[in-house]
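Undergrad: Okay, here's the structure, questions in a sec.
The values are calculated or read from the model by the stated rules, or taken from the named source; none is laboratory data. As the structure is a computational prediction, the values presented were derived from the model and not from experiment. When we count neighbours, we look across all protein chains shown, and the Cβ atoms used for this are built from the backbone with ideal geometry, even at glycine. To get the accessible areas, we keep the full protein, side chains included, count just its heavy atoms, and leave off ligands, DNA and RNA. Shrake-Rupley method; radii C 1.70, N 1.55, O 1.52, S 1.80 Å.
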Amino acid sequence: MERSFKEEVKLLKLGKGDTFHGEGILAVTKALLQSGVSYVGGYQGAPISHLIDVLADASEFMGELGIHFEANASEAGAAAMLGASINYPMRGAVTWKSTVGTNVASDALANLASSGVKGGAVIIIGEDYGEGSSIMQERSHAFAMKSQMWLLDPRPNLPSIVNAVEKAFELSEASSTPVFVELRIRACHVHGSFECKDNVEAKISRNALLQEPSFDYGNIVLPPSSYAQEKHKIEHRWPAAVEFIKREKLNETFDGSLSDIGIILQGGMYNAVIRALQQLNLADAFGNSQVPLYVMNVTYPLIPEELTAFCATKRSVLMVEEGQPNFIEDALHAILRKADIQTKVYGKDVLPMAGEYTGEVMLGGLAKYIANAAPRGLDLNAVTAIAAAPEKLAASKQRALQLLGGAVPNRPPGFCIGCPERPVFSAMKLLEREAGGYHVSADIGCHLFSSLPPFNIGNTVLGYGLGLASNSAISPLFAKRTVTVMGDGGFWHNGLSSGVSNAVFNNDDGILVIMKNGYTSATGTQEVPSSPHQSQEHRATDMGIERVLNGMGVKWMKTVDNYKVANTLTVLREAMTTPFKGLKVIIAEGECMLEQQRRKKPIDAAKLKRGERVVRVRYGVDEDTCTGDHSCIRLSGCPSLTIKDSSDPLKVDPVAYVNNNCVGCGLCGEVAHAAVLCPSFFRAEIMQNASWWDKFKAKFRGAVIGALQPA
């Protein structure tokens, strides 16, 4: 997993009168337990991937409360799990990364939103928008509007987040509608404290099973039920949601002395707004703002009465809405004009249309608004002087760059040291050198780093597990065979159904390379059905990828050891040239090095503590042999293989060098052998607590080598 929460999950047992101190995601889990959930599930993905890890580590404790936990095969499976709340008054929660996860789950969510729910149904959405994101820049707001599911965006502090989760269940039940709780990356990792409540055991759980089924044709999304559901959604569910939000005061208003202006903001933007106001000397260290604030902890649906009441006495307001399109700003204009309120609305005219509202962006935008709004009783010169600080900072950065001689080089993400996927791309580069370029349909996962230097492999990326499906139109229209790269996580998530079955059915002649590293490694090494080590005893241990492919009718299939570059190259060459027509699958097998090291290091440490013999393998470069060509670096891309100045004054070029981060995977030597490079690499064994036999052999070998060397 991304990390272990074995110790932290003990905090989940805290009860009334206790104070919780910890991280945002752990607080979310505690809120779920306090809400009396019957079941939880989800699919990992930043920034909420470690919520799955917390739930997995806490599964034994949740089992005591009768809560069913399931690590779902995909976001679609997680969303469908919420169907339990359609017929029965049981609370359920699932989680995934948005927006890509929401896209996968959209079919189930649309049906869920149409049917409505009896029990509270809550989706914890990891909103992955901004400069720390790894996906396309979209927001969850559009989906909430499209399916009319309520969207909570709480202030990024633990009491607000916990309250939002608990109130989300109540809101869901009050309006018979599933609810999103949106958490940005900083909210997921924020630390703080809140006063706990007792955990609640659900009335329906694994400790109190259902006895009779419930059937209501009105819950089935078929005509005429679907028409009635739409009518009920507008006439009853929506008004019930608005009434609940108003009654429970889920949105917050903070008064300020500059009463002729105001700021309306998404709850998740609260910390950034307050920080910018503090820098402008318009808020104190405790968050007390001179500018009145209307904080929308619920961003959909909007509450017109609250917005008009806040704006009625103000000359202007600033709408802080991160991302585009500016749904809320446009809606605010419509609400105010319908109410015949002429308050001027600022928004995307002083803040960027797109992109994350970082501290620097927010400071500049607020300063522009204050300058334009000119609130009564405020010295604008002081605000203008402070707002000019970013420009001064930018000028100082330019001066620093001139002194340094240029910008610091970009450091794009890449494969971990010893990653088993890197050797496969080394083999693919060697094949490219032999046979010329060929189209590669890439896929989501660690292997997507192949699209970056030094490999630059991967022409298209369409979605998780969709590499082979995206290759279906390229393959028959290309002069040579094409290659698809898919991870085992993507294979189980979507690749098997949308890619392999489609390719076998249509007799696709392409090549599929499955990276079988044992986990969904890109999100924290969560387990998949084919993982070599399963943490829960009740999970199946015989769901091999090879068996599944055989069952699907794949006739050409070969398994290679990832670290054997020459062998992998041979199999790739064979797949490219074989007369066999049909899908050709190469399973590149090698366990994720991170997971392997996490397992080995504690074992080796325990052996050393007991005084037992431990051997570590390391690789190095013979400086005298190295020519300084550096082909080895270009073909392996290993971060531990770098360069240094040669100690030989006659060698102008730097030589290759293996630093202390080496984990002994052997890729450097394998590449040198497969590509027929210089024989400068050597393998060494570092021995601790050596035996007498080890010491004798070392002395004997040293004596023989010394005797054979010239005087």
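Undergrad: May I ask you to say which residue of Glu306, Glu321 is of a type in the set (Asp, Glu), in contact (Cβ under 8 Å) with a residue 40 or more places away in the chain and buried (at least 23 other Cβ atoms within 10 Å of the Cβ)?
TA: Working: Glu306 fails: buried (at least 23 other Cβ atoms within 10 Å of the Cβ).
Of the residues listed, the single one that is of a type in the set (Asp, Glu), in contact (Cβ under 8 Å) with a residue 40 or more places away in the chain and buried (at least 23 other Cβ atoms within 10 Å of the Cβ) is Glu321.
Undergrad: Looking only at region 646-661, filter to residues that are in contact with a strand residue (DSSP E or B) (Cβ under 8 Å, 6 or more places away or on another chain) and not small (Gly, Ala, Ser); which one of those is surrounded by the most Cβ atoms within 10 Å (Cβ to Cβ)?
TA: Val655
Undergrad: Take the residues in region 187-234 that are farther than 30 Å from Pro47 by Cβ and polar (S, T, N, Q); name whichever of them is farthest from the chain's Cα centre (by Cα).
TA: Gln211
Undergrad: For residues that are part of a loop (DSSP other than H, G, I, E, B) and touching a helix residue (DSSP H, G or I) at 6+ places or on another chain (Cβ under 9 Å), tally how many sit in region 454-491.
TA: Of the residues in region 454-491, the ones part of a loop (DSSP other than H, G, I, E, B) are 454-459, 461-466, 471-474, 478-482.
Then drop every residue that is not touching a helix residue (DSSP H, G or I) at 6+ places or on another chain (Cβ under 9 Å), which leaves 454-459, 461-466, 471-472, 480-482.
Number of matching residues: 17.
Undergrad: I'd like to check something: does region 578-591 contain any residue that is within 26 Å of the chain's Cα centre (by Cα) and either farther than 26 Å from Ala675 by Cβ or part of a loop (DSSP other than H, G, I, E, B) (or both)?
TA: Step one: filter region 578-591 for residues within 26 Å of the chain's Cα centre (by Cα), giving 587-591.
Filter once more, keeping what is either farther than 26 Å from Ala675 by Cβ or part of a loop (DSSP other than H, G, I, E, B) (or both): 590-591.
Checked region 578-591: at least one residue is within 26 Å of the chain's Cα centre (by Cα) and either farther than 26 Å from Ala675 by Cβ or part of a loop (DSSP other than H, G, I, E, B) (or both).
Undergrad: Let me ask you something else. Does region 327-335 include one or more residues that are more than 34 Å from the chain's Cα centre (by Cα) and crowded, with 23+ Cβ neighbours inside 10 Å? It would help to see each step written out before you state the result.
TA: Taking region 327-335 and keeping what is more than 34 Å from the chain's Cα centre (by Cα), we get 333-335.
Now drop any that are not crowded, with 23+ Cβ neighbours inside 10 Å, which leaves none.
Checking region 327-335: not a single residue is more than 34 Å from the chain's Cα centre (by Cα) and crowded, with 23+ Cβ neighbours inside 10 Å.
Undergrad: Go through region 3-41 and count every residue that is under 18 Å from Gly126 (Cβ atoms) and among the aliphatic types (A, V, I, L, M).
TA: Total meeting the criteria: 7.
Undergrad: Can you tell which of Thr578, Thr568 is closer than 30 Å to Ile474 by Cβ and either open to solvent by 70 Å² or more (accessible area, probe 1.4 Å) or touching a Pro at 6+ places or on another chain (Cβ under 8 Å) (or both)? Talk me through it step by step, then tell me what you get.
TA: Working: Thr578 fails: either open to solvent by 70 Å² or more (accessible area, probe 1.4 Å) or touching a Pro at 6+ places or on another chain (Cβ under 8 Å) (or both).
It is Thr568.
Undergrad: May I pose another question? Answer yes or no as to whether Ile124 is crowded, with 24+ Cβ neighbours inside 10 Å and not polar (S, T, N, Q). Reasoning before the result, please.
TA: Numbers: crowded, with 24+ Cβ neighbours inside 10 Å: yes; not polar (S, T, N, Q): yes.
Yes, satisfied.
Undergrad: List the residue pairs whose Cβ atoms are under 6 Å apart, where the first residue sits in region 71-85 and is over 16 Å from Val528 (Cα atoms), the second is of a type outside the set (A, V, I, L, M) and in a loop (DSSP other than H, G, I, E, B), and the two are 6 or more positions apart or on different chains.
TA: Short answer, once both residue conditions are applied: Ser85/Gly119.
Undergrad: Anything in region 31-63 that is surrounded by 23 or more Cβ atoms within 10 Å (Cβ to Cβ), more than 11 Å from the chain's Cα centre (by Cα) and at positive phi? List them, or say none.
TA: Gly42
Undergrad: Which one of the conditions (1) in contact with a Pro (Cβ under 8 Å, 6 or more places away or on another chain); (2) open to solvent by less than 20 Å² (accessible area, probe 1.4 Å); (3) over 30 Å from Ile511 (Cα atoms) does Leu641 fail to meet, given that it meets all the rest?
TA: (1)
Undergrad: Which members of region 256-303 meet the condition of being without any contact (Cβ under 8 Å) to a residue 40 or more places away in the chain and under 14 Å from Thr343 (Cβ atoms)?
TA: Pro292
Undergrad: Before we move on, is Asn471 in contact with a Pro (Cβ under 9 Å, 6 or more places away or on another chain) and either open to solvent by less than 20 Å² (accessible area, probe 1.4 Å) or of a type outside the set (S, T, N, Q) (or both)? Give the steps one after another, and end with the answer.
TA: On the way: in contact with a Pro (Cβ under 9 Å, 6 or more places away or on another chain): no; either open to solvent by less than 20 Å² (accessible area, probe 1.4 Å) or of a type outside the set (S, T, N, Q) (or both): yes.
So Asn471 does not fit the description; no.
Undergrad: For the structure I just gave you, tell me whether Asp622 is surrounded by 12 or more Cβ atoms within 10 Å (Cβ to Cβ) and either within 28 Å of Gln688 (Cβ to Cβ) or modelled with pLDDT of 85 or more (or both).
TA: On the way: surrounded by 12 or more Cβ atoms within 10 Å (Cβ to Cβ): yes; either within 28 Å of Gln688 (Cβ to Cβ) or modelled with pLDDT of 85 or more (or both): yes.
In short, yes.
Undergrad: Which residue pairs have Cβ atoms closer than 7 Å, lie 6 or more positions apart in sequence or on different chains, and pair a first residue in region 587-611 that is open to solvent by 40 Å² or more (accessible area, probe 1.4 Å) with a second residue that is charged (D, E, K, R) and at pLDDT 90 or above?
TA: From region 587-611, the pairs are Glu589/Lys516; Glu589/Asp561.
Undergrad: Do the conditions hold for Glu243, that is, is it surrounded by fewer than 16 Cβ atoms within 10 Å (Cβ to Cβ), touching a Lys or Arg at 6+ places or on another chain (Cβ under 9 Å) and within 27 Å of Lys314 (Cα to Cα)?
TA: On the way: surrounded by fewer than 16 Cβ atoms within 10 Å (Cβ to Cβ): yes; touching a Lys or Arg at 6+ places or on another chain (Cβ under 9 Å): no; within 27 Å of Lys314 (Cα to Cα): yes.
Considered against the rule, which asks whether it is surrounded by fewer than 16 Cβ atoms within 10 Å (Cβ to Cβ), touching a Lys or Arg at 6+ places or on another chain (Cβ under 9 Å) and within 27 Å of Lys314 (Cα to Cα), Glu243 comes out as no.
Undergrad: For the list (1) open to solvent by 10 Å² or more (accessible area, probe 1.4 Å); (2) on the phi < 0 side of the Ramachandran plot; (3) at pLDDT 90 or above; (4) of a type outside the set (Phe, Trp, Tyr), I need the number of the one condition that Asn507 fails.
TA: Among (1) open to solvent by 10 Å² or more (accessible area, probe 1.4 Å); (2) on the phi < 0 side of the Ramachandran plot; (3) at pLDDT 90 or above; (4) of a type outside the set (Phe, Trp, Tyr), Asn507 violates only (2).
Undergrad: Suppose the filter is out of contact with any Asp or Glu (no Cβ under 6 Å at 6 or more places or on another chain) and at pLDDT 95 or above; does Val122 pass it? Steps first, answer last, please.
TA: Values: out of contact with any Asp or Glu (no Cβ under 6 Å at 6 or more places or on another chain): yes; at pLDDT 95 or above: yes.
It is true that Val122 is out of contact with any Asp or Glu (no Cβ under 6 Å at 6 or more places or on another chain) and at pLDDT 95 or above.
Undergrad: Could you list, ordered by first residue, the pairs with Cβ atoms under 6 Å in which the first is in region 668-695 and in contact (Cβ under 8 Å) with a residue 12 or more places away in the chain and the second is in a loop (DSSP other than H, G, I, E, B) and hydrophobic (A, V, I, L, M, F, W, C), at least 6 apart or interchain?
TA: Ser680/Cys626
Undergrad: Any residue at all in region 534-547 that is among the β-branched types (Val, Ile, Thr), more than 26 Å from Gly101 (Cβ to Cβ), outside any loop (DSSP other than H, G, I, E, B) and open to solvent by 10 Å² or more (accessible area, probe 1.4 Å)?
TA: Of the residues in region 534-547, the ones among the β-branched types (Val, Ile, Thr) are 541, 545.
The next check asks that each one be more than 26 Å from Gly101 (Cβ to Cβ); those that pass are 541.
Restricting the remaining residues to those that are outside any loop (DSSP other than H, G, I, E, B) gives none.
No: zero hits.
Undergrad: Take Glu322 and decide whether it is of a type in the set (D, E, K, R) and not in a loop (DSSP other than H, G, I, E, B).
TA: Details: of a type in the set (D, E, K, R): yes; not in a loop (DSSP other than H, G, I, E, B): no.
No: the conditions fail for Glu322.
Undergrad: When the residues of region 239-257 are filtered to those that are assigned to a helix (DSSP H, G or I) and in contact with a strand residue (DSSP E or B) (Cβ under 8 Å, 6 or more places away or on another chain), which remaining residue is farthest from Tyr294 (Cα to Cα)?
TA: Checking each candidate, the answer is Ala241.
Undergrad: Out of all the residues in region 351-362, which are surrounded by fewer than 19 Cβ atoms within 10 Å (Cβ to Cβ) and either modelled with pLDDT of 95 or more or in a loop (DSSP other than H, G, I, E, B) (or both)?
TA: Listed by number, the residues that qualify are Pro352, Met353, Ala354, Gly355, Glu356, Thr358.
Undergrad: Next up: Kindly list, by first and then second residue, each pair from a residue in region 200-217 that is over 30 Å from Gly15 (Cα atoms) to a residue that is of a type in the set (Ser, Thr, Tyr) and surrounded by 13 or more Cβ atoms within 10 Å (Cβ to Cβ), limited to pairs with Cβ atoms under 7 Å and residues at least 6 apart or on different chains.
TA: Cβ pairs passing all conditions: Ser214/Tyr88; Tyr217/Ser225.
Undergrad: For region 193-241, enumerate the residues that are within 21 Å of Ala168 (Cα to Cα) and among the aliphatic types (A, V, I, L, M).
TA: Val200, Ala202, Ile204, Ile234, Ala240, Ala241
Undergrad: Checking Trp693 against (1) at pLDDT 90 or above; (2) surrounded by 14 or more Cβ atoms within 10 Å (Cβ to Cβ); (3) assigned to a helix (DSSP H, G or I), only one condition comes out false. Which one?
TA: The one condition Trp693 does not meet is (2).
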